[in-house]
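Visitor: Attaching a single structure in structure tokens format; questions to follow.
The values are calculated or read from the model by the stated rules, or taken from the named source; none is laboratory data. This structure is a prediction, so every number in the text was calculated from the model and none was measured. Because the Cβ atoms are built from the backbone with ideal geometry, glycine has one as well, and the counts that use them run over all protein chains shown.
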Amino acid sequence: MEQSINGLDAVDMALKVANRELSPVEIVEAHLDQIDKLNPSLNSIVVLADDAIDKAKKAENDLYKTGKKIGPLHGVPYTIKDSINVLGYRTSSGSLLTSETASTRHSPISDRLVKAGGIMLGKTNTPEFTLWWETDNKVYGRTNNPWDLSRTPGGSSGGEASAIASFMSPIGIGSDSGGSIRVPASYCGIFGLKPTHGRVPITGHVPYTLLEHTHIGPMARSIKDIALALSIIEGPDYSDHYAINMPPTDINKLHEPISNLKVAWYGEGPFQPISKSVQSVVKDTVSLFKDMGCHVSHAKLDFLSSLDAMGTSGTIAAIEGLRDLSPMFEGKEDLLAVSMQRRLSIPTPSHEQYLEALLKRQRIRQGFMEFFQDIDILICPATAVSAPKHDLVEVDVDGTLNPGRTALMCTLVYDLTGAPAISVPVGKDTNGMPIGIQIVGRHFEEKTVLNAAAKLEDLSNLRNNVYGNERNM
């Protein structure tokens, strides 16, 4: 059966456009049709671009008539999280309290996507201020998981994950300060990369807070699309002082042999409880790496036992978030989403507790730097469970109820360290919901992480195991 336009990877769309086998108008129209069909029930895309068809026609004209040099994303549609500035569009960040004024300039990320020839389809939903693990807010409402509408796509890049998993968008950009790319990617059965902190500038992200934890990264249905998007958005903008001028990621050797790779793993380890279904998927993944000849060992992360990564992250987020956001909402708390009101109900940490959290964060970072001296990649769960039902205050892990923030338990430590980490869809649970595993690497060694993920993508037969026959098409 011939593959539909929507089922193509972004890389293949771009190639077909360049070879004049598909027109940008055909591609954009196919995705707009899919949006018309599915978005009313998913609520993934909350602002539609009003000029997508016009830009597709221009892209077609540039290719066919003017002979203008084209970019790597020429004529290919994409979506972007509604926490990232796009020229001419409001950035709501899911809040009634953010400015109603349209952005007067692109964020570096949006600017780079446009210059690469991409065509924005729309902006995707996020919880208020991107600070929750379910995507719901008072501006646009709740986003649903395309695999089961009664379940969450996760947060805070839940709108992006839902749009890509339902073939409304081939590729998109999310943000991550505790797991907000990787958790939705796992819940929705797609890939989501949190690059090394400093690899991609966060200028133009709203809110501009938690600066040492916030990352911007690509989400897609294939590793080659993740790699393409990373190659477009990476690099300093000379505004974000965390964004480092590093050599670009080599994305042309994603399928090199990895038989000498030193792999550590854990199924539960320092973060627990983890459901048996997730642990089983992790173990199956480790077996594949053993079969590839990798040197596999169980991860020794004893240093984490006294450092409380969850508590450390929570304390820093509480202090820095309150400092940066309270001028916006003081006296207007009734306009905040339930998620933000819940955050404010938690007692504010003391100055001493904040300083202690900063010290623990430094020890966590140092511990992982030493860990990765002898290890190339770490394989571990991306989430404790598959996507839970909506609005749960507690997460059920094999019959044990845990706080909702457990959703971020497996991911947030790597926001503290800033290491590159990707969620890879590998299997499903007994309810047919996707499960992703996480691959973590050394700082600025995205190539190794992508290489390992590409091998896993090839060997685990992801297309059939997770996506099936173009689900929801």
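Visitor: Pick out, from region 319-425, the strands (runs of 3 or more DSSP E) lying fully within it that include 2 or more residues that are of a type in the set (Asp, Glu) and modelled with pLDDT under 95. So that I can check it myself, show each step before the final result.
Guide: Working: elements: 377-381, 394-397, 400-403.
Fully inside region 319-425 and qualifying: 394-397.
Visitor: Give just the number: which of (1) at positive phi; (2) under 10 Å from the mean Cα position of the chain (by Cα) does Phe129 not satisfy?
Guide: With respect to (1) at positive phi; (2) under 10 Å from the mean Cα position of the chain (by Cα), Phe129 is out only on (2).
Visitor: Which of (1) of a type in the set (S, T, N, Q); (2) in contact with a helix residue (DSSP H, G or I) (Cβ under 8 Å, 6 or more places away or on another chain); (3) under 15 Å from Tyr187 (Cα atoms) does Thr406 not meet, given it meets every other one?
Guide: (2)
Visitor: Please determine whether any residue of region 256-273 is under 17 Å from the mean Cα position of the chain (by Cα), of a type outside the set (Phe, Trp, Tyr) and assigned to a strand (DSSP E or B).
Guide: As a first pass, look at region 256-273 and keep what is under 17 Å from the mean Cα position of the chain (by Cα): none.
No; the residues of region 256-273 include none that is under 17 Å from the mean Cα position of the chain (by Cα), of a type outside the set (Phe, Trp, Tyr) and assigned to a strand (DSSP E or B).
Visitor: Another question about this same structure. Out of curiosity, is Thr101 modelled with pLDDT of 95 or more and of a type outside the set (Phe, Trp, Tyr)? Quick ask: steps written out before the conclusion?
Guide: Values: modelled with pLDDT of 95 or more: no; of a type outside the set (Phe, Trp, Tyr): yes.
Against the criterion (modelled with pLDDT of 95 or more and of a type outside the set (Phe, Trp, Tyr)), Thr101 does not qualify.
Visitor: Still on this structure: Counting just the residues of region 38-76 that are small (Gly, Ala, Ser) and buried (at least 17 other Cβ atoms within 10 Å of the Cβ), which one comes out nearest to the chain's Cα centre (by Cα)?
Guide: Here is the first cut: in region 38-76, the residues small (Gly, Ala, Ser) are 41, 44, 49, 52, 56, 59, 67, 71, 75.
Narrowing further to those that are buried (at least 17 other Cβ atoms within 10 Å of the Cβ): 44, 49, 52, 56, 59, 71, 75.
Numbers: Ser44: 14, Ala49: 21, Ala52: 24, Ala56: 26, Ala59: 28, Gly71: 24, Gly75: 23 Å.
It comes out as Ser44.
Visitor: Take the conditions exposed (fewer than 14 other Cβ atoms within 10 Å of the Cβ), touching a strand residue (DSSP E or B) at 6+ places or on another chain (Cβ under 9 Å) and within 30 Å of Ile226 (Cβ to Cβ) and apply them to Gly427. Does it pass? So that I can check it myself, show each step before the final result.
Guide: On the way: exposed (fewer than 14 other Cβ atoms within 10 Å of the Cβ): no; touching a strand residue (DSSP E or B) at 6+ places or on another chain (Cβ under 9 Å): yes; within 30 Å of Ile226 (Cβ to Cβ): yes.
Answer is no for this residue.
Visitor: Something else: For the list (1) more than 25 Å from Asp111 (Cβ to Cβ); (2) of a type in the set (D, E, K, R); (3) surrounded by 21 or more Cβ atoms within 10 Å (Cβ to Cβ), I need the number of the one condition that Lys81 fails.
Guide: All conditions pass for Lys81, except number (1).
Visitor: Of all residues in region 148-165, how many are part of a loop (DSSP other than H, G, I, E, B) and either crowded, with 24+ Cβ neighbours inside 10 Å or touching a helix residue (DSSP H, G or I) at 6+ places or on another chain (Cβ under 7 Å) (or both)?
Guide: If we filter region 148-165 for residues that are part of a loop (DSSP other than H, G, I, E, B), which is where we start, we get 149-150, 152-157.
Restricting the remaining residues to those that are either crowded, with 24+ Cβ neighbours inside 10 Å or touching a helix residue (DSSP H, G or I) at 6+ places or on another chain (Cβ under 7 Å) (or both) gives 149, 152-157.
The number of residues fulfilling the criteria is 7.
Visitor: Please go through region 166-184 and give me each residue that is more than 8 Å from the chain's Cα centre (by Cα) and part of a strand (DSSP E or B), ordered by number.
Guide: Within region 166-184, Ile171, Gly172 meet the criteria.
Visitor: Still on this structure, I have one more. Buried (at least 20 other Cβ atoms within 10 Å of the Cβ), in contact with a strand residue (DSSP E or B) (Cβ under 8 Å, 6 or more places away or on another chain) and under 29 Å from Asp284 (Cβ atoms): is that true of Ile364 in this structure?
Guide: Working: buried (at least 20 other Cβ atoms within 10 Å of the Cβ): yes; in contact with a strand residue (DSSP E or B) (Cβ under 8 Å, 6 or more places away or on another chain): no; under 29 Å from Asp284 (Cβ atoms): yes.
No.
Visitor: To continue, here is another question. Could you tell me how many of the residues in region 205-247 are surrounded by fewer than 15 Cβ atoms within 10 Å (Cβ to Cβ) and touching a Gly at 6+ places or on another chain (Cβ under 7 Å)?
Guide: Of the residues in that region, 0 qualify.
Visitor: Please work out which one of (1) in contact (Cβ under 8 Å) with a residue 12 or more places away in the chain; (2) surrounded by fewer than 18 Cβ atoms within 10 Å (Cβ to Cβ); (3) part of a helix (DSSP H, G or I); (4) aliphatic (A, V, I, L, M) is the condition Ile35 fails and give its number.
Guide: (2)
Visitor: I need the full set of residues from region 285-303 which are part of a helix (DSSP H, G or I) and surrounded by 14 or more Cβ atoms within 10 Å (Cβ to Cβ), in order please. I'd like the intermediate steps shown before the answer.
Guide: Going through region 285-303, the residues part of a helix (DSSP H, G or I) turn out to be 285-291, 302-303.
Within region 285-303, Thr285, Val286, Leu288, Phe289, Phe303 meet the criteria.
Visitor: What pairs can you find where one residue is in region 254-275 and of a type in the set (Lys, Arg), the other is surrounded by 19 or more Cβ atoms within 10 Å (Cβ to Cβ), and their Cβ atoms are less than 8 Å apart, with a gap of 6+ or different chains?
Guide: Every condition considered, the pairs that remain are Lys262/Cys294; Lys262/Ile375; Lys262/Asp376; Lys262/Ile377.
Visitor: So which residues in region 218-241 are assigned to a helix (DSSP H, G or I) and in contact with a strand residue (DSSP E or B) (Cβ under 9 Å, 6 or more places away or on another chain), if there are any at all? Lay out the reasoning, then the answer.
Guide: So in region 218-241, the residues assigned to a helix (DSSP H, G or I) come out as 223-233.
Those that are assigned to a helix (DSSP H, G or I) and in contact with a strand residue (DSSP E or B) (Cβ under 9 Å, 6 or more places away or on another chain): Ile223, Asp225, Ile226, Ala227, Leu228, Ala229, Leu230, Ile232, Ile233.
Visitor: Still on this structure, I have one more. Of a type in the set (S, T, N, Q), more than 22 Å from Asp225 (Cβ to Cβ) and free of Cβ contacts under 8 Å to residues at least 60 places away in the same chain: which single residue out of Thr98, Thr66 fits that description? Even if it seems obvious, please write down each step before you answer.
Guide: Numbers: Thr98 fails: free of Cβ contacts under 8 Å to residues at least 60 places away in the same chain.
Being of a type in the set (S, T, N, Q), more than 22 Å from Asp225 (Cβ to Cβ) and free of Cβ contacts under 8 Å to residues at least 60 places away in the same chain holds for just one of Thr98, Thr66, which is Thr66.
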